[in-house]
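Colleague: Sharing a structure, written as structure tokens. Questions coming.
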Amino acid sequence: MAQGQFILREKEYLEIQTVLKKLLANSYSKVVFLVDKNGALIASAGATEDFDTTSLASLTAGNIAATGGLASLIGEKEFSILFHEGERDNMHISVVANRLILVVIFDRRSSVGLVRLRVRRVAVDLERILRDIDAGAQREEEGDIEELTEDDIESLFK
Amino acid sequence: MSFINYSSREINCKIVYYGPGLCGKTTNLQYIYRRMNPESRGKMISLATETERTLFFDFLPLSLGEVRGFKTRFHLYTVPGQVFYDASRRLILRGVDGVVFSADSQLTRMDSNVESLENLQVNLREQGDDGNKIPLVMQYNKRDLPKVASVAELHALLNYRNVPEFEAVATTGVGVFETLKAVIKLVLIDLKKGGR
């Protein structure tokens, strides 16, 4: 979807965090984060203070976009899982529900097989939450954003 | 597509600097990076070739404070300007909320400006965006060089939507923040309307 907004409310945000924490514990990983395909960080769990999550989110989205471009060049729809192996830490990157990117960073305490298994399981939960978000987007939203004034916007630059 | 988190009270928007090769897109971001308060900006990432030409994108995250209790975060991206990187440009444009078109004012670069603007229209249309509605700001860069087109000429050639336009010298910062401020305003007004 190119237009519009992705709106996340408290209920679904907390549900996503619960799912990420479960994945973090069950996969024995260091950090887990969820990013949208445009590179915005949605939620994270684990030792996030050790990482620049904003940059990670942006580069992950770029990575998925670039490999998606490669996939279409060879007639594939998408490469839905990427795995990067480092000397110390590894990254498992997967596309969830065609819209979000789930990133797991883990070291030798875990394994790619275990991470892949756990990711597959939580992907189902995340897809369900996404459906709730979409359903919520249909409801009338009483928001503060619609009430933004020129003065509010101008105040950002003072 | 902007991302609004009502739980953490955050608004995230994506702004893309577009334009022909060597027009100064990366220079805009570098100047913003140098001049912003370090607390308001994150790390700048440049995926460039060994000769400093943008290969995939530059990325600079900014946090500009709060409106209506929402923290505002803007992710600035540049595209690679060289013609043959079109596949990369399309990827970076995905989910864009606002565009700065940076034109090279030199007379010899007019064809490249027009070609890049047309390419922007095509790529926006391909991803389902309306090139006539997306928040857009024009920047006429390199005003300090000899043999540049007049603003009136550039306006007639490029600014068919009559959007806000700014003269700039990105190397010294002239017009850089004026351009940024204008596109952020347009993006927030668009957000208020509920997107396109």
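All of the numbers you see were taken from the coordinates with simple rules; none came from a lab. Just so you know, these numbers come straight off a predicted model, no measurement behind them. So basically every Cβ, Gly included, is an ideal-geometry build from the backbone, and we count neighbours across all protein chains shown.
Colleague: Mean separation of Cα pairs under 8 Å and 6+ residues apart, divided by the residue count of the range B:21-64: what relative contact order is that in percent?
Modeller: Working: 41 pairs, mean separation 15.9, N = 44.
Relative contact order here is 36 percent.
Colleague: Determine the dipole magnitude for the range B:3-192: charges of +1 sit on the beta-carbon of Lys and Arg, -1 on that of Asp and Glu, nothing else is charged, the reference point is the Cα centre, and the result goes in debye to the nearest 20. If you can, show how the numbers build up before the last one.
Modeller: Details: 24 positive and 21 negative charges, 123 e Å.
Its charge dipole is roughly 600 debye.
Colleague: Do the alpha carbons of any pairs in B:Lys71/B:Lys181; A:Lys30/B:Lys43; B:Lys25/B:Lys181 sit beyond 18 Å of each other, and which pairs?
Modeller: Values: B:Lys71/B:Lys181 16 Å; A:Lys30/B:Lys43 22 Å; B:Lys25/B:Lys181 16 Å.
Violating the 18 Å Cα-Cα cut-off are A:Lys30/B:Lys43.
Colleague: Taking the Cα centre of the range A:10-136 as the origin and placing charges on Cβ (Lys, Arg +1; Asp, Glu -1), which of A:Thr48, A:Phe79, A:Ile133 is farthest toward the positive end of the dipole?
Modeller: A:Phe79
Colleague: Under a 5 Å amide H to amide H cut-off, with H placed in plane at 1.01 Å, what residues pair with B:Val67 once short-range neighbours are removed?
Modeller: B:Thr72
Colleague: Within a 10 angstrom radius of each residue's Cβ in B:53-60, how many Cβ atoms of other chains show up on average? Whole number is fine.
Modeller: On the way: counts 0, 0, 0, 5, 5, 0, 8, 1.
Per residue, the average neighbour count from other chains is 2.
Colleague: Note down the magnitude of the dipole of the protein assembly as shown about its Cα centre, charges +1 on Lys and Arg C-beta and -1 on Asp and Glu C-beta and zero elsewhere, to the nearest 20 debye. Write out the running numbers ahead of the final one.
Modeller: Values: 45 positive and 48 negative charges, 160 e Å.
Once rounded to the nearest 20, the dipole reads 760 debye.
Colleague: What is the distance in Å between the Cα centroid of the range A:22-46 and that of the range B:49-71?
Modeller: Their Cα centres are 21 Å away from one another.
Colleague: So what is the diffusion coefficient of chain A in µm² per second by Stokes-Einstein at 25 °C and 0.890 mPa s, using a Kirkwood Rh over Cα pairs?
Modeller: Details: Rh = 17.0 Å.
For the chosen part, D equals 144 µm²/s.
Colleague: Relative contact order of the range B:3-192, please, whole-number percent, based on alpha carbon pairs below 8 angstrom and at least 6 residues apart. Write out the running numbers ahead of the final one.
Modeller: Details: 353 pairs, mean separation 45.2, N = 190.
Normalised by residue count, the contact order of the range B:3-192 is 24 percent.
Colleague: Comparing A:Phe33, A:Phe51, A:Phe106, which has the greatest mean-square fluctuation in the GNM of chain A with Cα pairs linked when under 10 Å apart?
Modeller: Residue with maximal mean-square fluctuation among A:Phe33, A:Phe51, A:Phe106: A:Phe51.
Colleague: Which order results if A:Thr48, B:Thr179, A:Thr149 are arranged by neighbouring Cβ count within 10 Å, fewest first? The partial results should precede the final answer.
Modeller: Working: A:Thr48 16, B:Thr179 26, A:Thr149 11.
Listing A:Thr48, B:Thr179, A:Thr149 from fewest to most nearby Cβ atoms yields A:Thr149, A:Thr48, B:Thr179.
Colleague: For A:145-156, what's the mean count of beta carbons from other chains sitting within 10 Å of each residue's beta carbon? Intermediate values should be presented prior to the final figure.
Modeller: Numbers: counts 12, 5, 2, 9, 3, 4, 1, 6, 11, 3, 5, 10.
Mean inter-chain Cβ contacts per residue within 10 Å come to 6.
Colleague: Over chain B, what is the percentage of antiparallel beta bridges among all DSSP beta bridges, to the nearest 5? Mind dumping the intermediate values first?
Modeller: Numbers: 17 of 38 bridges.
DSSP beta bridges in chain B are roughly 45 percent antiparallel.
Colleague: Can you tell me, using C-alpha contacts under 8 Å and at least 6 residues apart, the relative contact order of chain A as a whole percent?
Modeller: Working: 186 pairs, mean separation 37.3, N = 158.
The value is 24 percent.
Colleague: If you don't mind, there's one more thing I want to ask. Placing unit charges on C-beta atoms (Lys and Arg positive, Asp and Glu negative, everything else neutral), compute the dipole magnitude of the range A:10-136 about its Cα centre in debye, rounded to 20.
Modeller: Values: 16 positive and 17 negative charges, 94 e Å.
Here the range A:10-136 has a charge dipole of around 440 debye.
Colleague: What list of ³J(HN,Hα) values in whole Hz, one per residue of the range B:169-178 in order, does the Karplus curve 6.51 cos²θ - 1.76 cosθ + 1.60 (θ = phi - 60°) give from phi, with Gly and Pro shown as x?
Modeller: 10, 4, 4, 9, x, 4, x, 5, 6, 4
Colleague: Next question. Go through A:Met91, A:Gln17, A:Ser58 and say which Cα lies farthest out towards the positive end of the charge dipole of chain A; charges sit on Cβ, +1 for Lys and Arg, -1 for Asp and Glu.
Modeller: Selected residue: A:Met91.
Colleague: Please give me, ordered by residue number, the GluC sites (Glu not before Pro) of the range A:51-158 that lie in loop per DSSP and have at most 11 other Cβ atoms within 10 Å.
Modeller: Numbers: sites: A:Glu76, A:Glu78, A:Glu85, A:Glu87, A:Glu127, A:Glu140, A:Glu141, A:Glu142, A:Glu146, A:Glu147, A:Glu150, A:Glu154; in loops: A:Glu76, A:Glu78, A:Glu87, A:Glu140, A:Glu141, A:Glu142.
In loop regions of the range A:51-158 (DSSP not H, G, I, E or B), the sparsely surrounded GluC sites (Glu not before Pro) are A:Glu87, A:Glu140, A:Glu142.
Colleague: Run the quick spin-label model on B:Asn162 and A:Leu82: label points 7 Å from Cα toward the beta carbon, then report their separation in nm to one decimal.
Modeller: 4.4 nm
Colleague: Just tell me how shielded B:6-14 is by partners: mean number of partner chain Cβ atoms within 10 Å of each residue's Cβ, no decimals.
Modeller: Details: counts 11, 10, 5, 2, 3, 4, 10, 3, 5.
Taking all residues of B:6-14 together, the mean is 6.
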